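Student: First the structure, which I've put down as structure tokens, then a few questions once you've had a look.
The values are calculated or read from the model by the stated rules, or taken from the named source; none is laboratory data. None of the values given here were measured: they were computed from a predicted structure. Note: ideal-geometry Cβ built from the backbone for every residue, glycine included; neighbour counts use all protein chains shown.
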Amino acid sequence: MKISNKYAEVFIDIKALNISHPFDYRIPVNLSSEISTGLIVRVPFKNRFETGYVIKTKDKSELNEKEIKNIKEVLSKKPVFDSKKLELITWISRYYIQPFGSAARLFIPPGEKCKRSSARTGVKFVFKDYLSLNNNKYKECRGGINWKKNYSKKKIIDYLTSNGEVVKEKLIEDVGCSYANVRFLIESGIITVRKERQKRDFKYEYGENKNKKRINLNPYQKSALQAIENVLDKDVFHKILIEGVTGSGKTDIYIAACRKVLNNNRRALVLTPEISLIPQLFSRFQSEFKERVCVYHSNMNVAERYERWLDIWDGRFDIVIGTRSSIFTPLSNTGIIIIDEEHDPSYKEGTAVRYNTGEVAIKMGEILNIPVVMGSATPGIVTRYKAETEKDFTLVKIPVKAQSSSPLEMRMIDLRSVDHRKEDTIITGELFKEIKSELAKNNKVIIFLNRRGYSNFVICSKCGNVPKCPACDLPYNYHRDTGKLVCHHCGREIVYTGKCDKCGSNSLVLYGTGIQKVQSKLEERFKEVPVLRMDSDVTVKKKSHQEILKKFISPGGSILIGTQMIAKGLDVGDVTLVGIINSDSMMGLPDYHMNERAYQLITQVSGRAGRTSKKGKVIIQTYNPDSMVMKNVLGNDYESFYKQELENRRELKYPPFSYLINIIISGKSEEKVKEDIRELTLRLKDAVGENSSMLGPAPAPFSKINKFYRWHLMIKAGNWDTLNDRISEILKGFKKNNENKIILDINPVWIL
Ligand code: ADP
Ligand code: ZN
Ligand code: ZN
């Protein structure tokens, strides 16, 4: 006799770290055939009911029979994870120190919220009728119908006999019959109807689908593809980094790799950091893979995402292209994960479980034994370092563009030599002249302004020096109320005198430029052309993004001023000049990533110029033309930048030479926030051990957001795999002030 499973281990979905283990529940007889790993269930917990995830079924429990409660009901029709996904969920929960439920929730269908009804999501599915002949019924009725009189009906039956199951609309069209005839046959049972939910195209999939001819890969691309194919043939986990300059044809390598994966009857996941990059990528994939490819991202509404989720679940697509959350879609039989623009900070989730998509993808690749391919023109320092040092990581470099074009002209304007009293330092005379000359030729100009930049730092207008904390090598933050410069990492502070510690002049100034100010300046000077602005303030309205672009693209000269939003993917032909006006603001970020971000961003923005046969020019205004970043940007030398930046990091033990853990406590009372952070610091001190160190506590770089005070402390850990459990234990036992919140950020991409 088969022993049926009587008990289930269930993880309760509540946001508490101290419930880090599953509970045993009894499977009632009426549910015994339904319960399996990965199902969402409802169970009694304390004095209420809670949602939980079944992670295992078993026929014995260690617990006393009397203590075990029954599972109340099953909430999901299908398991939302299998044993492999369970392994990934468990890893996420442990690595990022998050309750199991929070990690599991990433994998459940959007909007389902553990409820059985799909009505709550507002989804209106489209069903179609699939018709087939019920042979038995037909034989039974055949004699009783006058087929001469019912000639059309006979034609329908003949059609179904020779074609098998067919969708209703097609049958009516092919046979040329009326619906009444079909209905009659349905009602008499001769035709059987099967309803099937239809796959829908969403407006996001508006690719041009030009049916581009298949490209013959050049030798560089071929060797990258070869590296991927070697792994695909072996069915093993392996990482591949394609470091290819902008325009080196990485997309065509991805496409060729996917072709191979699909030929092996497996599926592919293609990740991209930004929604704005999806249309281009999608249309290129679509011209090759047609309806086998779909998109998935957070800008789709919940109903659309839910429907798409079900389609992926049903195996209707072989390639999913999407932003970070698509790593959690239920794609099965995945054979490759591709991460385009690997370095992009948007791959980091900034709320709830603060995961890095790259880290999750790599873990997933490891669990599934498949390759993970990353591509970038400017790889993240950590990724690049790993690609060089880890055994299961291959680095492939592509140093040339796939299509020849004239090289960009890059130039710096040294702001130190601009006389503040005579000349504007926001748009210098030299930049002004260049803009004017391009507009006169009916060309387009992009003015880039970094907004992520941080205005609370000071810079010497004589020598470009940004005063930094000697211990952290990060800019001080200026505090107007106390007149002090404070390091927001370690808390060190010095009195602000206005005097530069490097050149001795009294030329320290508070740094900062507003985008509106830039716009009005340009409008004043260039009255005859459209001066457009694109930043998150003007694009909150739906579609305004498209409208602004449309105006910019329309024939004739125009100027577009933008923030990070325009750095990526913008592909406008006639842009011949890109001006970067406040490049130093990136240097003022109190974040050890600043060099990396500045290098990546400037390279990316520069790539907006000279995309056609017209020569492109990039002009960078800076107080620091001699800085390591600027020199390497100008020389377009990633390799040299990487080597120097790596040494900076080695010296101060920043990643990749450590893992960084940022612990933020936020709350409305600054006193209570400080009280908690001090107490937590004390408790963590011993746990951190020899190989690791602690920084802080200090006010977080954004020390007050929306009435909430924020203090943080950071741990530079030698090895996170051993430290995380210890920290997790301490956090579980830590009694904070009730109104305070603890935010954990493992490997943060911004320390703000
Ligand atoms: P990347 O993603 O590396 O920046 P893309 O994949 O966008 O570069 O390729 C840039 C352009 O080069 C595209 O228009 C692409 O069609 C073209 N291209 C790619 N590979 C080749 C090739 N082998 N021969 C000619 N053109 C190519
Ligand atoms: Zn100075
Ligand atoms: Zn410091």
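Student: Which one of these is away from ligand 3 (no atom under 16 Å from the Cβ) and in contact with a His (Cβ under 7 Å, 6 or more places away or on another chain): 419, 392, 424?
Tutor: Just one listed residue meets the conditions, 392.
Student: Now a separate question. Report whether or not residue 517 is of a type in the set (D, E, K, R), within 12 Å of ligand 2 (Cβ to nearest atom), surrounded by fewer than 17 Cβ atoms within 10 Å (Cβ to Cβ) and farther than 27 Å from residue 712 by Cα.
Tutor: no
Student: Filter the strands (runs of 3 or more DSSP E) completely within the range 519-621 down to those with at least 3 residues that are free of Cβ contacts under 8 Å to residues at least 40 places away in the same chain and either hydroxyl-bearing (Ser, Thr, Tyr) or closer than 21 Å to residue 425 by Cβ (or both).
Tutor: none
Residue-wise test of (1) out of contact with any Phe, Trp or Tyr (no Cβ under 7 Å at 6 or more places or on another chain); (2) more than 16 Å from ligand 1 (Cβ to nearest atom); (3) in a strand (DSSP E or B); (4) more than 30 Å from residue 508 (Cα to Cα).
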residue: 379; (1), (2), (3), (4): yes, no, no, yes
residue: 382; (1), (2), (3), (4): yes, yes, no, yes
residue: 406; (1), (2), (3), (4): yes, no, no, yes
residue: 413; (1), (2), (3), (4): yes, yes, yes, no
residue: 416; (1), (2), (3), (4): no, yes, no, no
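Student: Criterion first (within 16 Å of ligand 3 (Cβ to nearest atom), under 21 Å from residue 748 (Cα atoms) and either more than 27 Å from the chain's Cα centre (by Cα) or buried (at least 20 other Cβ atoms within 10 Å of the Cβ) (or both)) does residue 698 satisfy it?
Tutor: When the stated conditions are applied, residue 698 passes them.
Student: Under 25 Å from residue 394 (Cβ atoms), at pLDDT 95 or above and either of a type in the set (Ser, Thr, Tyr) or part of a helix (DSSP H, G or I) (or both): does that describe residue 359?
Tutor: Spelling it out, residue 359 is indeed under 25 Å from residue 394 (Cβ atoms), at pLDDT 95 or above and either of a type in the set (Ser, Thr, Tyr) or part of a helix (DSSP H, G or I) (or both).
Student: Can you find a residue in the range 164-182 that is within 41 Å of the chain's Cα centre (by Cα), of a type outside the set (A, V, I, L, M), modelled with pLDDT under 75 and away from ligand 2 (no atom under 16 Å from the Cβ)?
Tutor: Within the range 164-182, none of the residues are within 41 Å of the chain's Cα centre (by Cα), of a type outside the set (A, V, I, L, M), modelled with pLDDT under 75 and away from ligand 2 (no atom under 16 Å from the Cβ).
Student: Name the one entry in 676, 725 that is touching a residue at least 12 places away in the same chain (Cβ under 8 Å), in contact with a Lys or Arg (Cβ under 6 Å, 6 or more places away or on another chain) and of a type in the set (Asp, Glu).
Tutor: Testing whether each residue is touching a residue at least 12 places away in the same chain (Cβ under 8 Å), in contact with a Lys or Arg (Cβ under 6 Å, 6 or more places away or on another chain) and of a type in the set (Asp, Glu) leaves just 676.
Student: Tell me the residue from 739, 690 that is more than 26 Å from residue 343 (Cα to Cα), free of Cβ contacts under 8 Å to residues at least 40 places away in the same chain and not in a helix (DSSP H, G or I), please.
Tutor: Result: 690 is the single residue among 739, 690 that is more than 26 Å from residue 343 (Cα to Cα), free of Cβ contacts under 8 Å to residues at least 40 places away in the same chain and not in a helix (DSSP H, G or I).
Student: If you don't mind, there's one more thing I want to ask. Looking at the range 473-486, which of its residues are closer than 21 Å to residue 623 by Cβ and either within 16 Å of ligand 1 (Cβ to nearest atom) or assigned to a loop (DSSP other than H, G, I, E, B) (or both)?
Tutor: 473, 476
Student: Keeping to the range 312-324, report how many residues are surrounded by fewer than 24 Cβ atoms within 10 Å (Cβ to Cβ), touching a residue at least 60 places away in the same chain (Cβ under 8 Å) and either in contact with a strand residue (DSSP E or B) (Cβ under 7 Å, 6 or more places away or on another chain) or not aromatic (Phe, Trp, Tyr) (or both).
Tutor: Within the range 312-324, residues that are surrounded by fewer than 24 Cβ atoms within 10 Å (Cβ to Cβ), touching a residue at least 60 places away in the same chain (Cβ under 8 Å) and either in contact with a strand residue (DSSP E or B) (Cβ under 7 Å, 6 or more places away or on another chain) or not aromatic (Phe, Trp, Tyr) (or both) number 1.
Student: Any residue in the range 389-405 that's touching a residue at least 40 places away in the same chain (Cβ under 8 Å): show its pairings with residues that are among the acidic types (Asp, Glu) at Cβ separation under 6 Å, as long as the two are six or more apart or on different chains.
Tutor: 397/243
Student: Same structure again: Suppose the filter is in contact with a Pro (Cβ under 7 Å, 6 or more places away or on another chain), modelled with pLDDT of 95 or more and hydrophobic (A, V, I, L, M, F, W, C); does residue 241 pass it?
Tutor: Yes: the conditions hold for residue 241.
Student: Please tell me if residue 300 is among the hydrophobic types (A, V, I, L, M, F, W, C), in a loop (DSSP other than H, G, I, E, B), touching a residue at least 12 places away in the same chain (Cβ under 8 Å) and in contact with a helix residue (DSSP H, G or I) (Cβ under 9 Å, 6 or more places away or on another chain).
Tutor: Taking the combined requirement at face value, the residue satisfies it.
Student: Among the numbered criteria (1) over 13 Å from residue 335 (Cα atoms); (2) part of a helix (DSSP H, G or I), which single criterion is violated by residue 257?
Tutor: (1)
Student: Can residue 471 be described as surrounded by fewer than 22 Cβ atoms within 10 Å (Cβ to Cβ) and in contact (Cβ under 8 Å) with a residue 60 or more places away in the chain?
Tutor: So residue 471 does not fit the description; no.
Student: Return yes when residue 464 is of a type outside the set (A, V, I, L, M, F, W, C), surrounded by 19 or more Cβ atoms within 10 Å (Cβ to Cβ) and more than 22 Å from residue 702 (Cβ to Cβ) and no when it is not.
Tutor: Yes.
Student: Keeping to the range 175-191, report how many residues are free of Cβ contacts under 8 Å to residues at least 60 places away in the same chain and either among the hydroxyl-bearing types (Ser, Thr, Tyr) or touching a strand residue (DSSP E or B) at 6+ places or on another chain (Cβ under 8 Å) (or both).
Tutor: Total satisfying the criteria: 7.
Student: Only residues that are β-branched (Val, Ile, Thr), within 19 Å of residue 288 (Cβ to Cβ) and under 18 Å from the mean Cα position of the chain (by Cα): list them for the range 308-336, please.
Tutor: Across the range 308-336, the qualifying residues are 319, 320, 321, 336.
Student: Look at residue 447 and say whether it is within 34 Å of the chain's Cα centre (by Cα) and either farther than 30 Å from residue 677 by Cα or in contact (Cβ under 8 Å) with a residue 60 or more places away in the chain (or both).
Tutor: yes
Student: So which residues in the range 632-653 are closer than 18 Å to residue 398 by Cβ and either assigned to a helix (DSSP H, G or I) or of a type in the set (Lys, Arg) (or both), if there are any at all?
Tutor: Passing the criteria: 638, 639, 640, 641, 642.
Student: Something else about it: Test each condition in (1) of a type outside the set (Ser, Thr, Tyr); (2) surrounded by fewer than 23 Cβ atoms within 10 Å (Cβ to Cβ); (3) in contact with a Cys (Cβ under 8 Å, 6 or more places away or on another chain) for residue 551 and report the one that comes out false.
Tutor: Every listed condition holds for residue 551 apart from (3).
Student: Right, something else. I'd like the full set of residues that are surrounded by fewer than 16 Cβ atoms within 10 Å (Cβ to Cβ), in a loop (DSSP other than H, G, I, E, B) and modelled with pLDDT under 85, limited to the range 493-514.
Tutor: 512, 514
Student: Give 472, 463 a once-over and let me know the one that is of a type outside the set (Ser, Thr, Tyr), on the phi < 0 side of the Ramachandran plot and modelled with pLDDT under 80.
Tutor: Just one listed residue meets the conditions, 472.
Student: All but one of (1) surrounded by fewer than 22 Cβ atoms within 10 Å (Cβ to Cβ); (2) under 29 Å from the mean Cα position of the chain (by Cα) hold for residue 614; which doesn't?
Tutor: Among (1) surrounded by fewer than 22 Cβ atoms within 10 Å (Cβ to Cβ); (2) under 29 Å from the mean Cα position of the chain (by Cα), residue 614 violates only (2).
Student: All but one of (1) in contact with a His (Cβ under 9 Å, 6 or more places away or on another chain); (2) modelled with pLDDT of 95 or more hold for residue 435; state the number of the condition that does not hold.
Tutor: (1)
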